[in-house]
Every structure is written in structure tokens, then in C-alpha cells.
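The values are calculated or read from the model by the stated rules, or taken from the named source; none is laboratory data. These numbers were taken from a predicted model, which means no experiment stands behind them. Neighbour counts are summed over all protein chains in view; Cβ atoms, including those assigned to glycine, are modelled from backbone coordinates with ideal geometry.
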Amino acid sequence: MALTLIRNIDLVLTVNADNEQLTQQSIVIEDSRIAAIGPVDQVESRYAGVTFDRTISGKDKLAMPGMVDAHLHLSEHLGRGLFPDQLSTRPWVFNWAKPLYAAVDEEAEHVGTLLAGIEMIKTGTTCCLDMGTQNDVGNTVKAIEQAGFRCVTGRHAADVKPEQLPAHWTQEMIDHHFFPNHKVALEELGRCVTTYNNSAGGRIRVWVNIEGKEPCSPELHYGSRALAEELGVGTTYHIASSIEEAQVSETKYGVWPVTRLHNMGALGPNLVLAHVVATTDEEVGYLAETGAKVAFCPGTSLKIAKGATKIGKYPEMMDAGVTVALGCDGTAASGSLNQMQQMYLVAGLFKDCRMDPFMVPAEVALRMATIEGAKALLWDDDIGCLEVGKKADIVLFDLNTPDWVPYNNPVQTLVYSSTPGSIDTVLIDGNVVMEGRRMTHLDEQEIYREAREQSKRVNERSGLLADIPVFTKAYD
Ligand SMILES: [Zn+2]
């Protein structure tokens with residue numbers, strides 16, 4: 001058994017049920033789990049005479065649980081800054097993201113995942129829900145295992161082509177994206193779960209993920225959750241991701257997307273819905289009744305003009321008891337995998353747009369980025385807060401940095417003042433994956449070099465360097 005001691009931590013933000021803040025603490029980790037958290041002298045007397053395999057100094061440090069990102073796209077990670085910032089959701093997805101995804105082959109997906117892991121760890125995220133891979137899930141699982149983070153992944157799946165194909169879509173792209181029907185898709189998704197779920201000693205889980213919205217049939221929406229239930233896992237997809245999607249749904253089916261899902265019995269507690277910006281009060285009630293979870297991505301909403309502050313009902317969802325977690329979305333959508341930025345945005349956006357300072361206090365933003373994310377991922381028995389028995393996914397901030405001097409209210413300082421640059425050490429599953437801001441197990445420079453090279457290749461293959469329209473009529 002490997003024993004690790006983090007000794008004499010100035011302050012621990014447990015994010016437990018009482019939001020306890022503990023001073024001058026030591027944490028003992030046995031293999032991958034937290035075995036003790038307590039005042040320095042108590043822990044020392046309990047472990048008197050024991051030799052630790054590793055001791056980390058907690059002096060001038062703040063410890064908090066690793067953040068959980070409830071919606072991102074590992075396969076999109078080489079698309080940073082590639083699309084114009086004049087795209088709304090539908091042209092963003094149909095004209096730009098689809099050609100990019102189709103151009104991401106196994107090599108690009110592998111290095112993109114390693115790079116995503118570095119960015120997450122350096123910004124304090126230790127676990128994420130990935131929308132799904134473009135190639136074999138096993139290829140991404142290998143990269144996640146190497147990168148050292150905790151993850152739920154799956155295979156990005158769709159089964160409905162638009163009636164009128166966008167002019168720049170190639171046959172290769174179409175073959176890459178669309179399964180012939182929902183049955184074939186679900187069979188493959190089930191195979192991914194049975195083959196790869198609980199990889200890397202349980203650190204990597206695989207769900208029945210689909211893309212959602214217009215590119216997926218009702219049977220695939222309904223069937224993904226039913227199959228997930230059968231396999232004892234979860235599912236996730238995008239829905240109600242823009243007002244345009246809701247309007248098209250109303251014209252075609254007479255109802256908005258969440259109501260349509262509700263009417264077909266597709267909502268349930270093992271489902272994480274990404275975005276959900278266009279909802280009615282009634283639909284907020286459906287989410288609460290069925291236990292469906294929501295991943296809100298503030299950064300994407302800002303960049304792609306989704307209207308979270310104008311039409312979003314995220315505060316109402318939380319009031320109704322819906323689990324609302326935070327997501328960075330893909331880097332082509334929001335720009336980064338920096339969950340600290342999402343925490344800051346969610347704490348500020350609703351105070352400002354509703355002109356109400358009681359909206360989303362810093363403590364709530366911190367919970368959304370940690371324990372609420374863990375609940376969305378159905379993983380809160382193991383992660384999301386610092387408690388004895390939980391997995392040792394821990395972030396240590398260096399308090400000897402300008403963002404933390406003085407910190408007074410530490411949660412406020414975390415949310416409104418601190419930057420990822422003050423994160424010094426990160427542990428995942430009891431392993432030190434970053435120390436002194438250096439990755440312990442990855443050659444960062446080599447990964448940056450390869451990522452730049454692969455990105456060039458992907459951009460050329462994608463056809464996105466040509467003149468691509470910023471409007472679309474696909475699926476209208
Ligand atoms: Zn997404």
C-alpha cells in the first residue's frame with residue numbers, strides 16, 4: 001500500500017455538505033483514497049511510527065477537491081481559435097464542427113486528449129464528462145490513461161443526416177458522422193461500454209453518449225438512456241442548445257425540445273443534458289421531476305451567443321432542485337478547458353443580468369464546479385468533495401501568490417480573484433500528476449510540438465481553411 005501525507009495545510013475547503021473550511025490540517029492518502037483529514041497533531045499521533053512513501057508540504061497552501069467538468073469535447077481540442085467568433089450555434093455545429101470532427105483521426109485525437117489533460121490539470125480540473133470520441137473509444141481511453149485524469153467518455157454518435165446537405169460536406173465526412181440507423185448506433189455504443197467501461201483501475205468510465213438534437217432520431221434519444229440504464233451507466237447529449245433549435249422544434253413538432261423528450265419518456269436521472277438554454281418554466285419542472293441533470297457552459301454561451309443571460313433559467317433550475325453542473329465545452333466553442341473561468345462567469349452573469357446580488361453566491365459556484373459536477377457524472381460517492389473515504393483528487397493552491405494575498409473570505413477569493421497560475425500541485429486517484437506546476441508524468445514540450453503538427457494536418461484535411469458560410473439552413 002502506498003501512503004502519502006500532505007502535512008500542515010493552511011486551509012482545506014472540503015466542499016462537504018456543510019461547506020466546512022478547516023485550518024492547519026493534514027491529509028493522509030492510502031493508495032487512491034483519503035484515509036484521514038484532521039488537525040496536524042491528531043493525524044501525527046494516529047500515524048506515529050509510520051513511514052510515508054511521500055510527504056508533501058501543505059505550508060502556505062489551500063486544498064480543495066479537484067473540479068469536475070460536466071461537458072467537454074476531448075476530440076475538439078486541436079480546434080482552438082479555428083472558427084470565426086461570428087457564429088451562432090447552428091452554423092457553428094453544422095458548417096464548422098462537423099468537418100473538424102471528421103478530420104480528427106486517431107493520431108490527432110490521441111495528442112489532443114493528452115493536451116486537454118495538461119490544460120485541465122493545470123487549471124484544477126481532475127475529472128470530466130467527454131461528449132465522445134470520433135474514432136475508436138479504445139484510442140482515447142489509452143490517451144486518458146496516459147494523461148492521468150479521471151474521465152467519463154463514450155462514442156460521439158448520430159443517425160439523421162440533413163435533407164439538404166451543406167455544400168462543403170464530403171461523402172467521407174458523412175460516412176464518418178452518421179450511423180445508418182439508431183439500432184446500429186446503439187449496438188456500437190453498447191459495445192464501447194462493455195469493452196472499455198472501468199478502464200485504468202476504474203478511473204475511466206464509458207457511457208452511452210450521443211450527439212443529440214436534430215442529428216439524432218427520437219429512437220436514439222430515447223434508446224440511449226434506456227440502454228444506459230440496462231448497462232448501469234449514464235448518457236449525455238446536447239439539447240435546447242439555442243433558441244433557433246427550440247423554434248425549429250416548435251414548427252416541426254409543436255413543442256420545444258425538452259418537452260419533446262419528456263413526452264417520449266426520454267428524461268431520467270442517468271441523463272446529463274448539455275446547454276439547455278432554451279427552456280420554459282414547465283420544462284424546468286420536467287427536469288426536476290425526472291432527475292435529469294444539466295451541464296451549463298457559460299463560456300460557450302458567451303462566445304456563440306446562446307443567450308444564457310437573456311433566456312437561460314439556470315438559477316430557476318437550481319431553485320427547483322435540478323443538479324446544474326458547469327462545463328467548459330470544447331475549446332473550439334468556449335476557447336479553453338479552464339473551469340475556474342466558468343466558476344467566475346456563473347457567479348457573475350446572473351447577478352449582473354438580473355441586477356440581483358443574491359444570484360449564484362461564490363459558495364454555490366464552487367459547488368457547481370465540484371460536487372454538483374460529481375453528482376451529474378453519477379460519481380459523487382467517490383469524488384466532488386474532500387472527505388475520508390473519497391478518492392484523493394486534490395488541488396493545492398500556492399497562497400504565496402498575488403491573487404491570494406490577503407485572501408480574507410477564501411471562497412470569494414477563489415472564485416473572483418485567483419487564477420490557475422496559483423495552482424501548484426494536483427493529485428488524481430492519489431497520484432501526484434502536477435507538482436510545482438510541472439506535469440510529473442508527461443513530456444509537455446513534446447506534446448505541444450506534436451499537437452501543433454497534428455493541428456496543421458487536421459485543419460488542412462477539414463477544408464475549414466476555405467471560405468465557409470457563417471449561416472446554415474441544415475435541418476430547418
Ligand atoms: Zn458540446
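If we keep just the residues of segment 317-362 that are of a type in the set (Gly, Ala, Ser) and in a helix (DSSP H, G or I), which is surrounded by the most Cβ atoms within 10 Å (Cβ to Cβ)?
Our first condition is that a residue be of a type in the set (Gly, Ala, Ser); within segment 317-362, this holds for 320-321, 325, 327, 330, 332-336, 347-348, 362.
Adding the requirement that they be in a helix (DSSP H, G or I) leaves 347-348, 362.
Numbers: 347: 24, 348: 17, 362: 20.
Across segment 317-362, the extreme among qualifying residues is 347.
Give me the residue from segment 43-52 that is surrounded by 13 or more Cβ atoms within 10 Å (Cβ to Cβ) and either among the β-branched types (Val, Ile, Thr) or outside any loop (DSSP other than H, G, I, E, B) (or both) and, out of that set, modelled with the lowest pLDDT.
Across segment 43-52, the extreme among qualifying residues is 44.
Given the options 187, 230, 244, name the one that is more than 23 Å from the chain's Cα centre (by Cα), within 20 Å of residue 91 (Cα to Cα) and away from the ligand (no atom under 15 Å from the Cβ). Please lay out each step first, then the result.
Details: 187 fails: within 20 Å of residue 91 (Cα to Cα); 230 fails: within 20 Å of residue 91 (Cα to Cα).
On inspection, the qualifying residue turns out to be 244.
Results for (1) at pLDDT below 95; (2) exposed (fewer than 14 other Cβ atoms within 10 Å of the Cβ); (3) among the hydroxyl-bearing types (Ser, Thr, Tyr), shown as yes or no for each residue.
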site	(1), (2), (3)
422	no, no, yes
429	no, no, no
432	no, no, no
435	no, no, no
444	no, yes, no
452	no, yes, no
463	yes, no, no
472	yes, no, yes
475	yes, no, yes
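Looking at segment 227-243, which of its residues are buried (at least 17 other Cβ atoms within 10 Å of the Cβ) and farther than 17 Å from residue 131 by Cα?
Going through segment 227-243, the residues buried (at least 17 other Cβ atoms within 10 Å of the Cβ) turn out to be 227-228, 231, 233-243.
Matches in segment 227-243: 231, 242, 243.
Between a residue in segment 311-336 that is under 17 Å from residue 129 (Cβ atoms) and any residue that is within 14 Å of the ligand (Cβ to nearest atom) and of a type in the set (Lys, Arg), which pairs come within a Cβ distance under 7 Å, given they are 6 or more apart or on different chains?
Once the first residue is under 17 Å from residue 129 (Cβ atoms) and sits in segment 311-336, its partners that are within 14 Å of the ligand (Cβ to nearest atom) and of a type in the set (Lys, Arg) give 333/303; 334/303.
Please enumerate the residues belonging to segment 62-88 that are touching a strand residue (DSSP E or B) at 6+ places or on another chain (Cβ under 8 Å) and within 12 Å of the ligand (Cβ to nearest atom). Can you show your working first?
Taking segment 62-88 and keeping what is touching a strand residue (DSSP E or B) at 6+ places or on another chain (Cβ under 8 Å), we get 62-75.
Once the filter is applied, which keeps residues that are touching a strand residue (DSSP E or B) at 6+ places or on another chain (Cβ under 8 Å) and within 12 Å of the ligand (Cβ to nearest atom), segment 62-88 yields 69, 70, 71, 72, 73, 74, 75.
Considering each residue of segment 108-135, count those that are under 27 Å from residue 177 (Cβ atoms), part of a helix (DSSP H, G or I) and among the charged types (D, E, K, R), and give that number. Give the derivation first.
Applying the first criterion (under 27 Å from residue 177 (Cβ atoms)) to segment 108-135 yields 108-117, 119-120, 128-135.
The next check asks that each one be part of a helix (DSSP H, G or I); those that pass are 108-117, 119-120.
Imposing the further condition that a residue be among the charged types (D, E, K, R) reduces the set to 109, 119.
Selection size over segment 108-135: 2.
Taking segment 363-377 as the search range and keeping residues that are part of a helix (DSSP H, G or I) and within 16 Å of the ligand (Cβ to nearest atom), which one is surrounded by the most Cβ atoms within 10 Å (Cβ to Cβ)? Walk me through it before giving the result.
So the first thing to find is which residues in segment 363-377 are part of a helix (DSSP H, G or I), and the list is 363-369, 371-376.
Among the residues that remain, those that are also within 16 Å of the ligand (Cβ to nearest atom) are: 373, 376.
Numbers: 373: 34, 376: 30.
Only one residue tops the list, namely 373.
Could you run through segment 195-227 and say how many residues are in a strand (DSSP E or B) and either touching a His at 6+ places or on another chain (Cβ under 9 Å) or within 16 Å of the ligand (Cβ to nearest atom) (or both)?
Residues in segment 195-227 being in a strand (DSSP E or B) and either touching a His at 6+ places or on another chain (Cβ under 9 Å) or within 16 Å of the ligand (Cβ to nearest atom) (or both): 0 in total.
Confirm whether residue 380 is assigned to a loop (DSSP other than H, G, I, E, B), modelled with pLDDT of 95 or more and either farther than 23 Å from residue 6 by Cβ or within 21 Å of the chain's Cα centre (by Cα) (or both). Walk me through it before giving the result.
Working: assigned to a loop (DSSP other than H, G, I, E, B): yes; modelled with pLDDT of 95 or more: yes; either farther than 23 Å from residue 6 by Cβ or within 21 Å of the chain's Cα centre (by Cα) (or both): yes.
It is true that residue 380 is assigned to a loop (DSSP other than H, G, I, E, B), modelled with pLDDT of 95 or more and either farther than 23 Å from residue 6 by Cβ or within 21 Å of the chain's Cα centre (by Cα) (or both).
Is there a residue being of a type in the set (Gly, Ala, Ser) and within 25 Å of residue 269 (Cβ to Cβ) anywhere in segment 174-196? If you could, list the steps in order and put the result at the bottom.
Initial filter on segment 174-196 (of a type in the set (Gly, Ala, Ser)): 185, 190.
Subset that is within 25 Å of residue 269 (Cβ to Cβ): 185, 190.
Checked segment 174-196: at least one residue is of a type in the set (Gly, Ala, Ser) and within 25 Å of residue 269 (Cβ to Cβ).
So how many residues does segment 276-316 have that are among the aromatic types (Phe, Trp, Tyr), within 30 Å of residue 81 (Cβ to Cβ) and surrounded by fewer than 23 Cβ atoms within 10 Å (Cβ to Cβ)? Quick ask: steps written out before the conclusion?
We begin by selecting, within segment 276-316, every residue among the aromatic types (Phe, Trp, Tyr); these are 286, 296, 314.
Still in the running and within 30 Å of residue 81 (Cβ to Cβ): 296, 314.
Applying the additional criterion that residues be surrounded by fewer than 23 Cβ atoms within 10 Å (Cβ to Cβ) yields none.
Qualifying residue count for the region: 0.
Could you identify the single residue in 70, 35, 48 that is small (Gly, Ala, Ser) and within 28 Å of residue 326 (Cα to Cα)?
Working: 35 fails: within 28 Å of residue 326 (Cα to Cα); 48 fails: within 28 Å of residue 326 (Cα to Cα).
Exactly one residue qualifies, and that residue is 70.
Go through (1) surrounded by fewer than 21 Cβ atoms within 10 Å (Cβ to Cβ); (2) assigned to a strand (DSSP E or B) for residue 27 and report which single condition fails.
It is condition (1) that residue 27 fails.
Check whether at least one residue in segment 148-171 is assigned by TED's automatic domain parsing to the domain that holds residue 98, assigned to a helix (DSSP H, G or I) and crowded, with 17+ Cβ neighbours inside 10 Å, and report yes or no.
Step one: list which residues in segment 148-171 are assigned by TED's automatic domain parsing to the domain that holds residue 98, which gives 148-171.
Checking which are assigned to a helix (DSSP H, G or I) leaves us with 171.
Right, trim to crowded, with 17+ Cβ neighbours inside 10 Å and you get none.
Taking every residue of segment 148-171 in turn, none turns out to be assigned by TED's automatic domain parsing to the domain that holds residue 98, assigned to a helix (DSSP H, G or I) and crowded, with 17+ Cβ neighbours inside 10 Å.
Taking segment 272-316 as the search range and keeping residues that are assigned to a helix (DSSP H, G or I) and aliphatic (A, V, I, L, M), which one is farthest from the ligand (Cβ to nearest atom)?
We begin by selecting, within segment 272-316, every residue assigned to a helix (DSSP H, G or I); these are 281-290, 298-303, 308-311, 314-316.
Retained after the next criterion (residues that are aliphatic (A, V, I, L, M)): 284, 287-288, 302, 308, 311.
Details: 284: 21, 287: 18, 288: 23, 302: 15, 308: 14, 311: 18 Å.
Within segment 272-316, the match that is farthest from the ligand (Cβ to nearest atom) is 288.
As an exercise: evaluate residue 36 against (1) buried (at least 24 other Cβ atoms within 10 Å of the Cβ); (2) in contact with a strand residue (DSSP E or B) (Cβ under 6 Å, 6 or more places away or on another chain); (3) small (Gly, Ala, Ser) and give the number of the one condition it does not meet.
Single failed check for residue 36: (1).
To keep it simple, each residue is scored yes or no on (1) modelled with pLDDT of 95 or more; (2) surrounded by fewer than 24 Cβ atoms within 10 Å (Cβ to Cβ).
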| site | (1), (2) |
| --- | --- |
| 57 | yes, yes |
| 74 | yes, no |
| 79 | yes, no |
| 99 | no, yes |
| 109 | yes, no |
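Determine which single condition residue 267 fails, assuming it passes every other condition in (1) touching a Leu at 6+ places or on another chain (Cβ under 8 Å); (2) touching a residue at least 60 places away in the same chain (Cβ under 8 Å); (3) not in a helix (DSSP H, G or I).
All conditions pass for residue 267, except number (2).
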